[in-house]
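The values are calculated or read from the model by the stated rules, or taken from the named source; none is laboratory data. Since the model is a prediction, treat every value here as computed from it, not as a measurement. Here Cβ is always computed from backbone atoms with ideal geometry, including for glycine, and neighbour counts include all displayed protein chains. These area figures cover heavy atoms from the full protein model, side chains too; ligands, DNA and RNA do not enter into them. Shrake-Rupley method; radii C 1.70, N 1.55, O 1.52, S 1.80 Å.
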Amino acid sequence: MDAREIALKVLNEVEGKGAYANIALAQELNRRALQEKITNQDRRFITELVYGTVKTGATLDWMLSCFLSRPLAKVAPIIKNILRLGMYQLFYLEKVPASAACNQAVELARKYGHAGTIKFVNGVLRNAARCPEKIIFPEKDKYPVKYLALKYYHPEWLIERWVNRLGIKVCEDLCQANNTTPVLSVRTNTLKIEREALLTRLTAEGVRCQASKWTPEGILLHEHPSLITLNSLQEGLFQVQDESSMLVAHILGPQPGDFIIDACGAPGGKTTHIAALMKNTGKVLSTDIYEHKLALTRENAERLSLSNIETKVLDAVNLGSMYPLKADKVLVDAPCSGLGVLRRKPDSRWRKTKDILQDLPKLQAAILASAAQCVRPDGVLVYSTCTTEPEENQNIVNSFLQENPAFSLEPAGQYLPMDKKTADNMLQLWPHIDNVDGFFIARMRRRN
């Protein structure tokens, strides 16, 4: 099956069945890696086609409308995705010849459409290739929100919010960062191997990699074959985890023998990191409301040879009544809008609405308040999210501290590993500034 046809298959899963692009793509690539020969070049091209087409979705639709005589909504879904794939190649992939983009789109239309759709797809894409001047973006000075939304493929409600809060220049920088392809990062399982040894091992397995400058366990994978083909993964020598996410466990500061609760722990990235920092001693209780997600935590723990993790199906808002003053440390990695990780989840920007920033803070505050009841005197409470919005971050922590005078804020920046220490009381990382995922971390201590 041609790379473009594989990409189309994934796009149809996303568009027609509501699948998440990163999950649908990974499943398809892994399946093909096991069943047939698929080159690294093909895998990279398919990934670029899927992520790029999904990410630029609303902009591609607007561009297509410049060449259509009927509403795009009336075009059959699979033909619409063929057009989007073609437009993405024409205007965003310089190395793909226009003739190849058009011809391959026509072949897909021939396979999945009929004579009329073949002519339709051919006419639209060749017209776009010949007359790109028909695409005129709004003037930046007069219509900054509309311009930035179309130019950098973000929803207008989010652009308007960031322009008002950060200014046009910073908003533009942030959008550009969100549109970059992030490097995959993994965390060394230090119970089994040192980072330098893992770097050597990965290199021997055909991975181009380097050590992270943010965490002592982190490794950046710049080029790699399908991860499921790596023996080092199967042997539990590493865990896929973002660099900024790895910082959370370091700021929590787990010690051997601790009893630690990870209140929203599945699928286990931070849970297993905490357990490893505890040298596989003590106990980490990882809770979640979904058993199937906790099953992933147990699978990761087994692969990594961690035996100090216990999982429990539990709504985190009920934690306090079940483990009052029992835990040395508690992590609340709260469910959030995920607006700090848009570059990793290309469809995420289009799935969210402004209502999410009104609904989620209520849940986040309730989970934090309940989890705090589990912290023993002189124990530590860490609150983290993968978002950049104050309603979910600073506002939650400040309100909690006002209502819970037994807790005081500690400078989270002072607990960063390596040479990254800062004076920040609450740590906010940004993609366009720090070149990592947008992440928020606050550390608090219950008075003794």
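Just to be sure I understand, how many residues within the range 313-331 are over 18 Å from Val382 (Cβ atoms) and open to solvent by less than 70 Å² (accessible area, probe 1.4 Å)?
3
Taking the condition in contact (Cβ under 8 Å) with a residue 12 or more places away in the chain and exposed (fewer than 15 other Cβ atoms within 10 Å of the Cβ), does Arg208 pass?
Against the criterion (in contact (Cβ under 8 Å) with a residue 12 or more places away in the chain and exposed (fewer than 15 other Cβ atoms within 10 Å of the Cβ)), Arg208 qualifies.
Can you tell me which of Leu83, Leu49 is modelled with pLDDT of 95 or more and either within 20 Å of the chain's Cα centre (by Cα) or of a type in the set (Val, Ile, Thr) (or both)?
Among Leu83, Leu49, only Leu49 is modelled with pLDDT of 95 or more and either within 20 Å of the chain's Cα centre (by Cα) or of a type in the set (Val, Ile, Thr) (or both).
Return the residues of the range 144-175 that are farther than 14 Å from Leu357 by Cβ and not hydrophobic (A, V, I, L, M, F, W, C); say none if nothing qualifies.
Matches in the range 144-175: Pro144, Lys146, Tyr147, Lys151, Tyr152, Tyr153, His154, Glu156, Gly167, Lys169, Glu172, Asp173.
Just to verify a result, which residue in the range 163-175, among those that are open to solvent by less than 30 Å² (accessible area, probe 1.4 Å) and in contact with a His (Cβ under 8 Å, 6 or more places away or on another chain), is farthest from Ala249 (Cα to Cα)?
By that ranking, first place goes to Cys175.
Considering only residues that are outside any helix (DSSP H, G or I) and open to solvent by 40 Å² or more (accessible area, probe 1.4 Å), which ones fall in the range 73-89?
Matches in the range 73-89: Ala76 only.
Checking Ile433 against (1) open to solvent by 50 Å² or more (accessible area, probe 1.4 Å); (2) over 19 Å from the mean Cα position of the chain (by Cα), which test does it fail?
(2)
Could you please find all residues in the range 95-117 being in a helix (DSSP H, G or I) and farther than 21 Å from Met63 by Cβ?
Within the range 95-117, Glu107, Arg110, Lys111, Tyr112, Ala115, Gly116 meet the criteria.
When you scan the range 224-317 for strands (runs of 3 or more DSSP E) that lie fully inside it, which ones turn up with 3 or more residues that are of a type outside the set (Phe, Trp, Tyr) and closer than 19 Å to Leu331 by Cα?
259-262, 283-288, 309-313
Can you name the residue in the range 86-107 that is farther than 18 Å from Val75 by Cβ and of a type in the set (Phe, Trp, Tyr) and, of all such residues, is nearest to the chain's Cα centre (by Cα)?
Among those residues, the one meeting the criterion is Tyr92.
Please verify whether Ala412 is at pLDDT 95 or above, of a type in the set (Gly, Ala, Ser) and buried (at least 16 other Cβ atoms within 10 Å of the Cβ), treating the condition exactly as stated.
Yes, satisfied.
Go through the range 284-302 and count every residue that is in contact with an Asp or Glu (Cβ under 8 Å, 6 or more places away or on another chain) and surrounded by 17 or more Cβ atoms within 10 Å (Cβ to Cβ).
Total meeting the criteria: 6.
Return the pairs, sorted by first residue and then second, in which the second residue is part of a helix (DSSP H, G or I) and basic (Lys, Arg), the first residue lies in the range 147-161 and is touching a residue at least 12 places away in the same chain (Cβ under 8 Å) and open to solvent by less than 10 Å² (accessible area, probe 1.4 Å), the beta carbons are less than 9 Å apart, and the residues are 6+ apart or on different chains.
Going by the 9 Å Cβ cut-off, the qualifying pairs are His154/Arg349; Leu158/Arg349; Ile159/Lys146.
Which numbered condition in (1) over 26 Å from the mean Cα position of the chain (by Cα); (2) farther than 20 Å from Asn12 by Cβ is the only one that Arg110 fails?
Single failed check for Arg110: (2).
Just the residues that are within 21 Å of the chain's Cα centre (by Cα), buried (at least 23 other Cβ atoms within 10 Å of the Cβ) and among the β-branched types (Val, Ile, Thr), please, taken from the range 230-266.
Val248
Going by the conditions given, is Arg126 open to solvent by 70 Å² or more (accessible area, probe 1.4 Å) and farther than 30 Å from Gln176 by Cβ?
Judged against the criteria, Arg126 is a match.
Would you please name the residue that is surrounded by the fewest Cβ atoms within 10 Å (Cβ to Cβ), looking only at residues in the range 176-192 that are touching a strand residue (DSSP E or B) at 6+ places or on another chain (Cβ under 8 Å) and not in a strand (DSSP E or B)?
Out of the qualifying residues, it is Val183.
If Ile433 passes every condition in (1) modelled with pLDDT of 95 or more; (2) farther than 19 Å from Arg344 by Cβ; (3) of a type in the set (A, V, I, L, M, F, W, C) but one, which one does it miss?
So Ile433 meets the others, but not (2).
Output the qualifying pairs, or none if there are none: Cβ atoms under 8 angstrom, residues six or more apart or on different chains, first residue in the range 345-371 and assigned to a helix (DSSP H, G or I), second residue of a type in the set (Phe, Trp, Tyr).
Qualifying pairs under 8 Å: Arg349/Tyr153; Ala365/Phe400; Leu368/Tyr383; Leu368/Phe400; Ala369/Phe400.
Filter the range 220-255 for residues that are of a type in the set (Val, Ile, Thr), in contact with a helix residue (DSSP H, G or I) (Cβ under 6 Å, 6 or more places away or on another chain), at pLDDT 95 or above and within 20 Å of Ala301 (Cβ to Cβ) and give the result.
Listed by number, the list holds a single entry, Val248.
Looking only at residues in the range 213-229 that are touching a residue at least 60 places away in the same chain (Cβ under 8 Å) and either touching a His at 6+ places or on another chain (Cβ under 8 Å) or aliphatic (A, V, I, L, M) (or both), which one is most open to solvent (accessible area, probe 1.4 Å)?
Out of the qualifying residues, it is Ile228.
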